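The structure under discussion appears below in the form of structure tokens.
The values are calculated or read from the model by the stated rules, or taken from the named source; none is laboratory data. Computed from a predicted model, the values in this text were never measured in an experiment. Note that each Cβ is placed from the backbone with ideal geometry, even for glycine, and that neighbours are counted across all protein chains shown. Only protein heavy atoms, including side chains, enter the accessible area calculation; ligands, DNA and RNA are left aside. Shrake-Rupley method; radii C 1.70, N 1.55, O 1.52, S 1.80 Å.
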Amino acid sequence: ILNVEQSPQSLHVQEGDSTNFTCSFPSSNFYALHWYRWETAKSPEALFVMTLNGDEKKKGRISATLNTKEGYSYLYIKGSQPEDSATYLCAFRTGGGADGLTFGKGTHLIIQP
Amino acid sequence: DAGVTQSPTHLIKTRGQQVTLRCSPKSGHDTVSWYQQALGQGPQFIFQYYEEEERQRDNFPDRFSGHQFPNYSSELNVNALLLGDSALYLCASGSGYEQYFGPGTRLTVT
């Protein structure tokens, strides 16, 4: 059974502050690590797909790093804004394209004005 | 491009009934996966369809079945509904590494 852990479970951050949270996953049989941003009543929005150890990806104020050898990924948000409030999910994928994603429970981020 | 669409948005069923949920993949995607998200949990993979065949399945009972049509759209069927089947059901379509999700169907079993 694959285990994907995200921490913290929830986070309250002041507007303008930067923040980060963690996703840990099995370090064997790695294929890809996905990050999604999910607002209530909307579709999960794909942020990053990370495939190589040492990958760093950036999208505006959001960036992510990947360490497949030790099995963790960090998501960073710089200068948090109220619109960043959402649940951030990471998902681990093994093997080839036939495998489904194994999700963590998510980090619920609330940005306080 | 409408992205991944799902119908219906919400559904209320009684224990023992059967339900069918529908998904249209993003244009150009030929693979559809289904996920169940129970309250307080991350989405859990149910199964994946490719070329109208079930390609992989996680540990869900046979009451959960699916179908993929020649136009790549897909249905998820759940028979003999239990209270514990109440959840958000998400559909995802993919190409290569990418996996795009629909907004989900909220199923409530009473």
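Within region B:42-56, how many residues are at the interface with chain A (Cβ under 9 Å from one of its Cβ atoms) and either touching a Phe, Trp or Tyr at 6+ places or on another chain (Cβ under 8 Å) or at pLDDT 95 or above (or both)? Total satisfying the criteria: 9.
Return the residues of region A:58-73 that are in a loop (DSSP other than H, G, I, E, B) and buried (at least 17 other Cβ atoms within 10 Å of the Cβ); say none if nothing qualifies.
Of the residues in region A:58-73, the ones in a loop (DSSP other than H, G, I, E, B) are A:60-61, A:68-71.
Residues satisfying the conditions are A:68, A:71.
Within region B:52-69, residues that are more than 13 Å from residue B:89 (Cβ to Cβ) reach partners that are open to solvent by 60 Å² or more (accessible area, probe 1.4 Å) with beta carbons closer than 6 Å, at six or more positions or on different chains, in the pairs B:63/B:79; B:68/B:52. The residues in region B:16-41 that are in contact with a Ser or Thr (Cβ under 7 Å, 6 or more places away or on another chain) and more than 9 Å from chain A (Cβ to nearest Cβ) can be counted, and the count is 9. Within region B:21-38, being under 19 Å from residue B:58 (Cα atoms) and either open to solvent by 60 Å² or more (accessible area, probe 1.4 Å) or not hydrophobic (A, V, I, L, M, F, W, C) (or both) holds for B:31, B:33, B:35, B:36, B:37.
Looking only at residues that are at the interface with chain B (Cβ under 9 Å from one of its Cβ atoms) and in contact with a strand residue (DSSP E or B) (Cβ under 6 Å, 6 or more places away or on another chain) in region A:21-45, which one is surrounded by the most Cβ atoms within 10 Å (Cβ to Cβ)? It would help to see each step written out before you state the result.
Within region A:21-45, the subset at the interface with chain B (Cβ under 9 Å from one of its Cβ atoms) is A:31-32, A:34, A:36, A:38, A:41-45.
Still in the running and in contact with a strand residue (DSSP E or B) (Cβ under 6 Å, 6 or more places away or on another chain): A:31-32, A:34, A:36, A:38, A:43-45.
Values: A:31: 15, A:32: 23, A:34: 23, A:36: 24, A:38: 20, A:43: 20, A:44: 30, A:45: 13.
Result: A:44.
Criterion first (among the hydroxyl-bearing types (Ser, Thr, Tyr), within 11 Å of chain A (Cβ to nearest Cβ) and either open to solvent by 10 Å² or more (accessible area, probe 1.4 Å) or touching a residue at least 40 places away in the same chain (Cβ under 8 Å) (or both)) does residue B:89 satisfy it? Spell out the reasoning first.
On the way: among the hydroxyl-bearing types (Ser, Thr, Tyr): yes; within 11 Å of chain A (Cβ to nearest Cβ): no; either open to solvent by 10 Å² or more (accessible area, probe 1.4 Å) or touching a residue at least 40 places away in the same chain (Cβ under 8 Å) (or both): yes.
In short, no.
Checked against (1) within 14 Å of another protein chain (Cβ to nearest Cβ); (2) surrounded by 13 or more Cβ atoms within 10 Å (Cβ to Cβ), residue A:85 passes all but condition (1).
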